[in-house]
1. Roughly how many debye, to the nearest 20, is the charge dipole of chain B about its Cα centre, given +1 on each Lys and Arg Cβ, -1 on each Asp and Glu Cβ, and no other charges?
2. Taking just the alpha-carbon atoms of the stretch B:222-375, what radius of gyration and Dmax come out, in angstrom?
3. Provide a whole-number value for the mean count of partner chain Cβ atoms within 10 Å of the Cβ atoms in peptide B:410-420.
4. Where a ≥ b ≥ c are the square roots of the eigenvalues of the C-alpha gyration tensor, would you call the stretch A:218-276 rounded, which needs a/c under 1.5, or, failing that, prolate if a/b is larger than b/c, or oblate?
5. Mind listing which trypsin sites (Lys or Arg not before Pro) in the stretch B:246-302 are in a DSSP loop and have 10 or fewer other Cβ atoms within 10 Å?
6. Would you work out the charge dipole size for the protein assembly as shown about its Cα centre, treating the Cβ of every Lys and Arg as +1 and the Cβ of every Asp and Glu as -1, and quote it to the nearest 20 debye?
7. Taking the convex hull of the alpha carbon atoms in the stretch A:95-283, what volume per residue do you get, in Å³?
8. Give me D for the stretch B:275-506 in µm² s⁻¹, whole number, from Stokes-Einstein with Rh from the Kirkwood sum over alpha-carbon pairs, 25 °C and 0.890 mPa s.
Amino acid sequence: MIRVVLSRLGQGATIVALVVSGCFALIRLAPGDPFAVSYVQENVTAEMRDRMRRIYGFDRPIAEQYVLFVRNVARGELGWSFSRGRPVAQVLAEAVPPTLLLMGTALLLGGVGGVAVGAWQGWRGDTRKTRIVGRVSLVILSMPEFVLALLLALGPALAWGLFPVTGMQSDFAPPGIAGVLDVLHHLVLPALTLALVVCAMVARHQRRAILAVTDADFVRAARAKGVPEHRILLRHALRNALVPVLTLAGVLFPALIGGAVLVERVFAWPGMGSVVVDAVVRRDYPLVGGSVLLSSLAVVMGTVLADIAVAWADPRRRQS
Amino acid sequence: MRRLLLSVALLLLASCGGDAGSERNGGTVVIGIQADADALLMPLVDGVYGRVVSELLFDRLAEIGPGLNTVGDAGFEPRLAHRWSWSPDSLAITFELDPDAKWHDGAPVRAEDVVFGLQAIRDSGNVSSLNASIENVTSAVALDSMHAEIRFAARAPEQFYMATLIVPLPRHVYGSIPSGGLRASEAARAPVGSGRFRLVRWESGVRLELAAVDGHYRGRPHLDRVLFSVSPEVATGIARLKAGETDVWDPLPPAVIGDLAAEPHLRVFNSPGFDYGFLAFNFRDPRAPTRPHPLFSDRGVRRAITLAVDRSTVVRAVFDTLAVVALGPFVRAQASADSTLRQIPYDRDAANALLDSLGWRDRGADGVRRRDGRTLAFSVIVPSTSRTRERAAVLIQEQLRAVGVAMTIERMDFAVFLGRQTSGNFDAILGGTRTTPSPSGLRGSWASAALQGGGSQNPWHYESAAFDDAVKAGLGAMDPIESKAQLRRAYQQIIDDAAAIWLYELRNVSAVHRRFVVPSWRPDAWWLTLGDWSVDPAQRLPRDAAPAAP
């Protein structure tokens, strides 16, 4: 087991290095000038832009910039974000907790909900109710996350006034437990947007996995022994049907990061989404580099954790 | 005894309520903004929101008055300097500081802070965009603690305006930061200012809170606090405004103005804007920048294309009443503007005749004119983030097609667009500029002097000695009438040269919650009157009653 984890981590490190290097090159090769954003001001001169480029080292050859970047990352320095006027590490340290809260909540709600819904659909078979639920989940899956987010923002938030439209906290949030409740109130819509997507995705896989074991020998044997249906589902069928879903979790995490970027933008959630989009638009190279490094590390870690979970759920994998 | 106690109580009440404005004091304005401030110290500010916040935190020596006249000093109102005097040769202005003016940490504002303000702009490590605007300033000297003298290289009509661009900074706070270190210093994120509002908190990318300064030398603002709340997506920013989560959004996208004007709790302000848009022709070949452009180096072609564009129709179709046809490289709100300039009219027949006379007679099967095997075709670059510019480009494309000119539209990401613009890599560009009350920006955007630094501010490479001379004379004339006459000459020259098709001049439309009493609205900087805003006591919301931050 430890060997598997170490091997996965080794592969993950290679992937992170490749992703970060590729991104480093791509963002610099993309047309656009980090210091052209001030173009609307009539008094910004070409000389000033050149000086800024010199100050941040963007006038050097890409290879030299890359060596410097790698050396700095090895020392734990991610550089200076010129668009935010702060160290990249500081920007990321502030952006990561809100994203973790959002994605963690969405994964938990969506995952548990998806397993429950999928298991129910699979166990009940082809009924009118399961068909309706299946179609609803298909509609959710076909809808881009930002459309879903906008619908939720327009309905429950704007039209009915049940939830705040944007942000993670009220502008004048009370301290203490009331402050925590305020954050949870703000969390509902963005987390629900992502959770619905996760739920729909997981439910479809879970349904298929359950359907595959409903006629399995061990299920029939349990039935023959007179084990109650709910116990057969929870104790026997579900555990066996969890493996494909846990494998999905490894893929789900990176997919969710992409969705979270858009959802965070719509709800002005102050997480990695806003940071990454702003950094790319403003060609803030150090911030793009730091964000990609962090995201790819998170994806690799998510995949490794999914592998460990699969191994836990499936003894055959553990032994192999 | 009871009578005595009653008298004392009445006296106390009277002393508490003695300030006529105290009833109007209190309240919170939440301003929705699309992006965070880039910096809060004026010499470091490049973006719009950084400017808004820093102008609330810091007072200038004097401020432009409601007439927006930047020539001379008559149109200015005292701020940190309560009076000033000119040297006999007009090459120096001595500012006498208001003795009651204090920094937010309680220290008095001193002449050495004016000197330090100039040093911060001049420090090459700070790369301040203000540098180019105050080229004429040679030095600032503290004559004593209350008198600062600003010296100039030459007399100029906007000398005083230039002096007001030097914003005093507290030397005792920032003076120990080594050269070039200001941008990265923690102190720059927690500015100690001199304005009527002080910084309470700055949650990066989320919100910025300012609170009223009690005992400010210009009087305490009526509002207790100003909160800037970031909504990166305009749609959600507008939704928050409609839901009452924010009180102000500026500027409003044209598509939502009608909807918001119908909201009973919102008031829409429509004021002259400082943005103008144009289709500029590149005078150099983007593929070989040392060579003239194969089409646009010909004045006749530029004029013919301008003649073929019905600007009124474009502006009406794209902006309805939210913009007017631009008259030149200026906006009507500038004191130097001139609405009597001779324009190149929309005249399709004249355009056809001119192109015929230039030899662009033959038309291919596609209807595009040809001369010596070359088609009369070019591309225009447009940022995909601007729906209005895209729509304007499509309309112009159709109008040009009617006279046998093929214009292809290249839509691109904003950063790519800016990169192509600054490097001069385009045939034509649908560009926009935000100008200021001062006409001095002309020099940076259209004069040939701007080409010396690589041309990124004059990326269209327009060069005209007549224009340059007139701009120089206009910006240098001491007599306002002479200055306006010279600038008129410059404007007429660039219009006649058809350096660009002057398309539109945007009106600035903003929405404000109706509970605010807004006594005045400055079109170029509405936020500067925030200190005079108050909340109608009958319409206060719970957030208006929340205590101001310590």
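1. On the way: 60 positive and 62 negative charges, 164 e Å.
The calculation lands at about 780 debye.
2. 22.5, 71
3. Values: counts 0, 0, 2, 5, 6, 11, 6, 4, 11, 8, 4.
Partner Cβ neighbours, averaged per residue: 5.
4. Values: a/c = 7.43, a/b = 3.66, b/c = 2.03.
Prolate, since a/c reaches 1.5 and a/b exceeds b/c.
5. Working: sites: B:Arg267, B:Arg284, B:Arg287, B:Arg299, B:Arg302; in loops: B:Arg287.
For trypsin sites (Lys or Arg not before Pro) across the stretch B:246-302 that sit outside H, G, I, E and B with at most 10 neighbouring Cβ atoms in 10 Å, the list reads B:Arg287.
6. Working: 92 positive and 82 negative charges, 719 e Å.
The dipole of the protein assembly as shown has a size of about 3460 debye.
7. On the way: hull volume 27.0 nm³, N = 189.
Dividing the Cα hull volume of the stretch A:95-283 by its residue count gives 143 Å³.
8. Result for D is 137 µm²/s.
Values quoted throughout were computed directly from the atomic coordinates according to the rules given, and no laboratory measurement underlies them. Remember, predicted model here, so these are calculated numbers, not experimental data. Cβ sites come from the backbone with ideal geometry, for glycine too, and all protein chains shown count toward neighbours.
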